[in-house]
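I have placed the structure first, in the form of C-alpha cells, so that the comments after it can refer back to it.
Taken together, the values in this text are just the output of simple stated rules run on the coordinates, not laboratory data. Treat the numbers as computed from the prediction; the structure is a model and nothing was measured. Note: ideal-geometry Cβ built from the backbone for every residue, glycine included; neighbour counts use all protein chains shown.
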Amino acid sequence: MQHHERPATSLAHGPAKPDDIERARRDVSTAEAHDPTGAEVERAVGELEIACQSIHDDLNTLRRALARKAHRTPASET
C-alpha cells in the first residue's frame with residue numbers, strides 16, 4: 001500500500017473522497033488484468049460500490065438540507 005492510500009475499511013467510515021474512487025477504479029482495472037475472475041476483482045468492485053453509495057448518501061443529505069432551507073426561507077427573501 002502506498003503512503004497516500006487509505007485502507008479499504010476507511011471508505012465505510014466517512015464520505016468517499018475523489019482519491020478513494022480513483023483508487024477503486026485503478027484496483028478494478030489492475031485486478032481484471034491479473035485475474036479477471038478472482039477475488040481481487042470482487043473486492044475492488046465492492047470498494048467502488050461503497051464509494052458510490054457514500055456519494056449517493058451525501059447527495060441525499062445535501063438535497064434534504066436544501067429542501068429544509070427552501071422551506072424555511074420566506075418568499076420575499078428569494
- Message: At a 10 angstrom cut-off on C-beta neighbours, averaged per residue, how do the peptides 26-35, 43-52, 64-73 rank from highest to lowest?
- Response: 43-52, 26-35, 64-73
- Charge dipole of the stretch 16-77 about the Cα centre (unit charges at C-beta), most positive-ward option of H56, A39, A67: A67
- Over the Cα atoms of the stretch 16-77, Rg to Rh with Kirkwood Rh, two decimal places? 1.34
- Task: Tell me the label-point distance for the pair A67, Q53, using the 7 Å Cα-to-Cβ offset, in nm and rounded to one decimal.
- Result: 2.1
